[in-house]
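Here the structure comes first, spelled out in structure tokens, and everything after it is commentary.
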Amino acid sequence: KIKGVLFDLNGIITDSWAYHSQSWREIANQLGIQWSSDLEEAIKGRDRIDSLDAILDSAGKKDQFTRQQKEALADKKNDIYQTMLDKMNPSDILPGIQSFLDELTQNNYRMIIASASANAPKEIQKLKLESYFPLIVDLKQIKHNKPAPDVFAKAAEMIHLPPEACIGIDDGIVGVESINAAGIVSIGVGDPQILHEADINFQSTRELTLKNIRQAWPK
Ligand code: B16
Ligand code: MG
């Protein structure tokens, strides 16, 4: 029996992907690296340093930077992102999410944020969702970010449930891989062709209801 729901943040609770992408684009521009839609898909949901590596790699420049230089670039991206983040507010909560959170609360499900983002606590505050999510996986306590199982495995552990009593929801390929690797039933929200590894697929956050999940449950 499912007792816990593990939520990705960006792309599920709120859509800050446009902000992330815009911030990375500015960095790519400064480095003279051309932006593409393939590059955009490749970095969606990946953590900061992995995203930067993918951007540098796309231009064959990965080995031209020292670790310190890369950290400085990642910090610069985060500074740009944080300025955009300051404007985030409850109107940025994705459609259907508020009612889904209420439905889960009324039915006594345990909930937690399993995000790859170091900015997750600040975003939850900006969205005024702290009462639903007093628990957020602390990235300092995990070894490997998505697609490794660590983030979702830690999330289940933090709500004191075994993986088989949880479902995980994510919008990125690496996120779905992380959920699957942790032995948790995965819900992928977005293009089902891109997220074909998910156990259950929904096109939009609007479809997230207990009834729809029950109907789509893998046999
Ligand atoms: P930060 P999620 C991810 O959040 C974003 O989707 C991804 O674009 C971002 O690079 C990553 O967090 C790291 O974010 O730079 O704020 O630590 O989808 O896992 O909630
Ligand atoms: Mg995401």
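The values are calculated or read from the model by the stated rules, or taken from the named source; none is laboratory data. Being a predicted model, the structure only gives us computed values, none of them experimental. As a convention, Cβ positions derive from the backbone with ideal geometry for all residues, glycine included, and neighbour counts pool all protein chains shown.
Scanning region 7-23 for residues that are out of contact with any Gly (no Cβ under 7 Å at 6 or more places or on another chain) and assigned to a helix (DSSP H, G or I) returns Ala18, Tyr19, His20, Ser21, Gln22, Ser23. Might you let me know whether region 126-140 holds any residue that is surrounded by 14 or more Cβ atoms within 10 Å (Cβ to Cβ), under 27 Å from Glu26 (Cβ atoms) and not aliphatic (A, V, I, L, M)? Within region 126-140, one or more residues are surrounded by 14 or more Cβ atoms within 10 Å (Cβ to Cβ), under 27 Å from Glu26 (Cβ atoms) and not aliphatic (A, V, I, L, M).
Every residue, every condition in (1) part of a loop (DSSP other than H, G, I, E, B); (2) under 21 Å from the mean Cα position of the chain (by Cα), yes or no:
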residue	(1), (2)
Val5	no, yes
Arg25	no, yes
Gln34	yes, no
Arg46	yes, yes
Asp53	no, yes
Gln69	no, no
Asn78	no, yes
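Of the residues making up region 4-18, not one is touching a strand residue (DSSP E or B) at 6+ places or on another chain (Cβ under 6 Å), away from ligand 2 (no atom under 12 Å from the Cβ) and either polar (S, T, N, Q) or more than 13 Å from Ala155 (Cβ to Cβ) (or both).
Candidates are the residues of region 140-193 that are away from ligand 1 (no atom under 16 Å from the Cβ) and acidic (Asp, Glu); the one that is farthest from the chain's Cα centre (by Cα) is Glu164.
So for region 168-182 (the condition being in contact (Cβ under 8 Å) with a residue 12 or more places away in the chain, surrounded by fewer than 24 Cβ atoms within 10 Å (Cβ to Cβ), at positive phi and out of contact with any Phe, Trp or Tyr (no Cβ under 8 Å at 6 or more places or on another chain)), does at least one residue qualify? For region 168-182, residues in contact (Cβ under 8 Å) with a residue 12 or more places away in the chain, surrounded by fewer than 24 Cβ atoms within 10 Å (Cβ to Cβ), at positive phi and out of contact with any Phe, Trp or Tyr (no Cβ under 8 Å at 6 or more places or on another chain): absent.
In the condition set (1) assigned to a loop (DSSP other than H, G, I, E, B); (2) closer than 26 Å to Asp92 by Cα; (3) among the basic types (Lys, Arg), Lys143 is compliant with all but (2). In region 23-42, the residue that is farthest from Ile194 (Cα to Cα) out of those that are of a type in the set (Ser, Thr, Tyr) and modelled with pLDDT under 95 is Ser36. Taking first residues from region 86-99 that are without any contact (Cβ under 8 Å) to a residue 60 or more places away in the chain and more than 16 Å from Arg206 (Cα to Cα) and partners that are assigned to a loop (DSSP other than H, G, I, E, B) and not β-branched (Val, Ile, Thr), the Cβ contacts under 9 Å between residues at least 6 apart in sequence or on separate chains come to Asn89/Leu127; Asn89/Lys128; Pro90/Leu127; Pro90/Lys128; Pro90/Leu129. Among all residues of region 96-115, there is at least one that is buried (at least 17 other Cβ atoms within 10 Å of the Cβ), modelled with pLDDT of 95 or more and among the polar types (S, T, N, Q).
Residues are listed down the side, and each one gets a yes or a no for (1) within 19 Å of Asn119 (Cβ to Cβ); (2) within 16 Å of ligand 2 (Cβ to nearest atom); (3) touching a Lys or Arg at 6+ places or on another chain (Cβ under 8 Å):
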{"position": "Asn29", "(1), (2), (3)": "no, no, no"}
{"position": "Ile49", "(1), (2), (3)": "yes, no, yes"}
{"position": "Phe65", "(1), (2), (3)": "no, no, no"}
{"position": "Leu73", "(1), (2), (3)": "yes, no, no"}
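For region 11-61, a residue qualifies if it is touching a residue at least 60 places away in the same chain (Cβ under 8 Å), near ligand 1 (Cβ under 9 Å from one of its atoms) and either farther than 22 Å from Ser204 by Cα or surrounded by fewer than 15 Cβ atoms within 10 Å (Cβ to Cβ) (or both), and the qualifying residues are Ser23, Asp47, Arg48, Asp50.
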